[in-house]
Amino acid sequence: MIVGVLGAGQLARMIALAGYPLGVDFIFLDPSADACANSLGEHLQGDYNDPRLLAQLAERADVVTYEFENVPADVAEFLASHTQVHPAPKALAVAQDRLIEKAFFRDISIPTAAYAPIDSFESLEKAMSTIGWPAILKSCTMGYDGKGQSLLKSVDDLEPAWEQLAGAAGVVEAFVTFNREVSIIAARNVSGAVVFYPLSENIHRGGILRVASSCNQDPMQQQAEAYISCLMEALDYVGVLALELFEVDGKLIANEFAPRVHNSGHWTIEGAETSQFENHLRAILDLPLGTTTAVGKTAMVNFIGGLPATEELLVIANVHLHLYDKAPRKGRKVAHATVRAETTEQLDLLVKQLTTLADQVDDS
Ligand code: AMP
């Protein structure tokens with residue numbers, strides 16, 4: 001069985017590492033000569049919309065998937081008309097545009113923060129009278145890890161925020177004073193079977209995920225499962241799906257979804273019976289889905305912009321280190337480490353050790 005992947009970054013790399021024990025081979029399409037999954041399969045090097053490479057990918061792969069959601073819509077449509085593509089292009093189209101995504105959430109009765117479309121400075125001024133302060137102005141497309149976002153605390157912030165948008169379509173949304181951020185990850189196979197992972201509790205700084213921890217028997221699990229079930233049904237979804245949520249006083253508000261394996265689910269490699277990467281492959285190949293039961297208490301820490309010495313990390317008890325084979329660069333995720341423990345107290349201590357090391361090299 002050959003799986004084609006658009007993108008050959010760390011997510012593609014971890015999908016491939018999960019696929020080899022199942023006898024799956026990989027072809028990656030990625031413009032970069034040194035993309036970090038290249039060595040784990042055949043690499044088609046070129047643009048995502050190169051017709052020759054897309055034709056090769058469609059012909060050779062039994063099924064095509066993506067490691068990122070900003071695949072051009074016509075590329076996904078082209079591939080889908082020639083081979084199996086999971087998740088279907090519709091999920092990408094919705095996830096690519098924050099405005100379409102929020103309207104989609106509302107249509108299927110998943111609550112979001114109050115929001116308004118922005119296409120001029122006047123529309124921004126006007127929207128603030130209904131949205132209220134503070135708020136966040138985000139570009140509708142191409143925003144991830146907090147990119148293209150401005151916090152609006154007072155009228156003085158409007159002008160620079162509008163300029164930062166540089167004419168792109170925007171959305172302004174109410175700042176949510178959340179108790180915590182969580183995400184739920186689920187997998188649905190071609191036959192319609194669904195599994196849910198235990199919630200992940202996520203800590204972001206500067207819009208980038210820093211720490212994600214598994215939450216066994218979380219009181220918000222049921223509500224999160226209900227929301228992600230609605231989303232998967234409405235999108236006729238196949239593959240792993242991640243839904244990011246804010247918890248506010250015992251209620252969940254959707255932030256965004258990712259139609260792919262997700263950074264907040266990296267802990268599932270060691271912390272769940274079946275990882276999100278393996279379940280993504282099982283889902284798109286229509287194999288039975290693996291159990292998602294948590295194995296102890298688990299947390300993952302990202303290394304961003306730089307890496308501590310390997311020896312400093314491996315000396316930590318029970319650590320599982322995942323180096324992405326990427327050259328360190330400002331704000332770039334280059335590795336993560338996962339730790340598991342019997343008790344929350346033990347886990348907190350291990351996370352503290354890891355975050356101290358991560359912060360020493362973090363330049364973001
Ligand atoms: P996003 O790119 O939309 O996922 O935003 C990145 C991070 O910024 C989120 O995980 C939150 O920590 C923060 N953030 C985004 N939108 C809001 C909001 N409306 N209210 C409060 N924090 C937010």
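The table for this structure:
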quantity	calculated
Sole residue being under 18 Å from His262 (Cα atoms), acidic (Asp, Glu) and surrounded by fewer than 19 Cβ atoms within 10 Å (Cβ to Cβ), chosen from Glu225, Glu181, Glu163	Glu225
Answer from Leu79, Leu92 - the residue that is crowded, with 20+ Cβ neighbours inside 10 Å, touching a Gly at 6+ places or on another chain (Cβ under 9 Å) and aliphatic (A, V, I, L, M)	Leu79
Lone qualifier among Phe303, Phe277 - being within 19 Å of Tyr197 (Cα to Cα), modelled with pLDDT of 95 or more and aromatic (Phe, Trp, Tyr)	Phe277
Identity of the residue in region 229-254, more than 16 Å from the ligand (Cβ to nearest atom) and β-branched (Val, Ile, Thr), that ends up farthest from Arg180 (Cα to Cα)	Val238
Residues that are open to solvent by less than 30 Å² (accessible area, probe 1.4 Å), part of a loop (DSSP other than H, G, I, E, B) and under 12 Å from Pro198 (Cβ atoms), drawn from region 280-298	Thr292
Which numbered condition Ser214 misses (of (1) assigned to a strand (DSSP E or B); (2) out of contact with any Ser or Thr (no Cβ under 8 Å at 6 or more places or on another chain))	(2)
Single residue of region 299-316 satisfying the filter (touching a strand residue (DSSP E or B) at 6+ places or on another chain (Cβ under 8 Å) and either farther than 22 Å from His204 by Cβ or not in a strand (DSSP E or B) (or both)) that is most open to solvent (accessible area, probe 1.4 Å)	Leu314
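This table checks each residue for (1) under 27 Å from His262 (Cβ atoms); (2) within 16 Å of the ligand (Cβ to nearest atom); (3) outside any helix (DSSP H, G or I).
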position	(1), (2), (3)
Asn70	yes, yes, yes
Phe78	yes, no, no
Pro87	yes, no, yes
Ala116	no, yes, yes
Glu125	no, no, no
Met128	no, yes, no
Gly143	yes, yes, yes
Glu159	no, no, no
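The values are calculated or read from the model by the stated rules, or taken from the named source; none is laboratory data. As the structure is a prediction and not an experimental result, all values here were calculated from the model. All Cβ positions, glycine included, derive from the backbone under ideal geometry; neighbour counts span all protein chains shown. Calculation scope for accessible area: heavy atoms of the full protein, side chains included, ligands and nucleic acids excluded. Shrake-Rupley method; radii C 1.70, N 1.55, O 1.52, S 1.80 Å.
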